[in-house]
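K.L.:
Would you mind keeping the following structure in view while I ask a few things?
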Amino acid sequence: MTKRRPLIAGNWKMNGLKADGLALAAGVAAKLKAEPNVACDLLVCPPFTLLAGVIDAVAGSGVAVGGQDCHAKVSGAHTGDTSATMLADLGCKYVIVGHSERRTDHGESDAVVKAKATAAHAAGLIAVVCIGETLAQRDAGQTFEVNRSQLRGSLPEDATAANTVIAYEPVWAIGTGRVATPAQAQEVHAVIRAELAAIQGPAVAERTRILYGGSLKPDNAKELLALPDVDGGLIGGAALKVEDFWAIATSA
Ligand code: PGA
């Protein structure tokens, strides 16, 4: 099996004013500078207001920066939106698309997510494409089918292991403190990888990173990140503290 280098990604969501956000970024950068041989890639995704400052704060450290969303168009009359091209121009390397909070709060469909991921690729960004079932869907026995169909609907045709990361985030585990068991996580990750193989071919599937997200914390990270098909994490709450984020990174 190909060894995939884990990606540990912090999704700060709508959190952080200048002082604490920049201190958090500088703290993560300092950890990586002190211990550059950590066995994972590190990414922070601050709110738009902090992107430029965070890019400066982590410069030269090896910590990558990403947006939490982008528009599907390059430019134009889209008040309040930010394009993938703008993110790339600023110095971002990644962008999260299709987070369940975007799908819920802004009614984003798979087609919208796919258009955003396509725009991210065109701008030279790595798209972190999020999928995941709700509790009602899990209880109804639809977990595999929902994740397969979201993947098929959200993944651009040009997706490769180099320009795309998948994040499996069961909606019931996000911000709830309720984490998927290792068995639950592994079985869905394996289903996602098999579906990816069916869509893009086994070579792409074997090399593509599939992150787990949903109440990932220092005390549960080790067993989840050790699973064969879990290639890192997308972390919300625990990414807001340098020590917690770093503890997760070092358990990868
Ligand atoms: P959480 O969020 O770690 O706070 O559950 C994860 C996410 O939504 O990316």
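K.L.:
With a/c under 1.5 counting as rounded, go ahead and sort the chain into rounded, prolate or oblate using the C-alpha gyration tensor (a ≥ b ≥ c being the square roots of the eigenvalues; past the cut-off, prolate if a/b is larger than b/c, else oblate).
P.N.:
Rounded.
K.L.:
By how many nm would the segment from Ala77 to Asp158 grow when fully extended, if each residue of separation counts as 0.36 nm and the alpha-carbon distance is taken off?
P.N.:
26.5 nm
K.L.:
So, in Å, what gap is there between the alpha-carbon centers of the stretch 132-153 and the stretch 25-58?
P.N.:
33 Å
K.L.:
Something else now. For the stretch 151-252, which GluC sites (Glu not before Pro) are in a loop by DSSP, counting at most 12 other Cβ atoms within 10 Å?
P.N.:
Filter output for the stretch 151-252: Glu157.
K.L.:
Another question, if that's okay. Mind checking the per residue accessible area of the stretch 1-66 for me, 1.4 Å probe, whole number of Å²?
P.N.:
Accessible area per residue: 47 Å².
K.L.:
State the answer as a single residue: which of His106, Phe144, Ala123 lies farthest towards the positive end of the charge dipole of the stretch 67-214, with beta carbon charges of +1 for Lys and Arg and -1 for Asp and Glu, about the Cα centre.
P.N.:
Working it through, the farthest residue towards the positive pole turns out to be Ala123.
K.L.:
DSSP loop (so not H, G, I, E, B), at most 14 other Cβ within 10 Å: list which trypsin sites (Lys or Arg not before Pro) in the stretch 1-33 pass both filters.
P.N.:
Passing sites in the stretch 1-33 are Lys3.
K.L.:
Sticking with this structure for a sec: Tally up the carbon and sulfur contribution to the accessible surface of the stretch 1-87 as a whole percent, 1.4 Å probe, everything protein left in place.
P.N.:
Carbon plus sulfur share of accessible area: 59 percent.
K.L.:
I would also like to ask the following. How many lysine pairs in the stretch 2-150, separated by 8 or more positions in sequence or lying on different chains, have Cα atoms less than 26 Å apart?
P.N.:
Step by step, the pairs that qualify in the stretch 2-150 add up to 19.
K.L.:
Quote the charge dipole size of the stretch 132-252 about the Cα centre in Debye, to the nearest 20; the model charges only the Cβ of Lys and Arg (+1) and of Asp and Glu (-1). Walk me through the numbers before you get to the answer.
P.N.:
Details: 10 positive and 15 negative charges, 21 e Å.
Taking the Cα centre of the stretch 132-252 as origin, the dipole is about 100 debye.
K.L.:
Tell me the relative contact order for the chain as a rounded percent, counting alpha carbon contacts under 8 Å between residues six or more apart.
P.N.:
Relative CO of the chain lands at 21 percent.
K.L.:
Still on this structure, I have one more. So what's the gap between the Cα centers of the stretch 188-214 and the stretch 161-185, to the nearest angstrom?
P.N.:
13 Å
The values are calculated or read from the model by the stated rules, or taken from the named source; none is laboratory data. Please read these numbers as outputs of a predicted model, since none were measured by experiment. As a convention, Cβ positions derive from the backbone with ideal geometry for all residues, glycine included, and neighbour counts pool all protein chains shown. Ligands, DNA and RNA are excluded from the accessible area calculation, which covers all protein heavy atoms including side chains. Shrake-Rupley method; radii C 1.70, N 1.55, O 1.52, S 1.80 Å.
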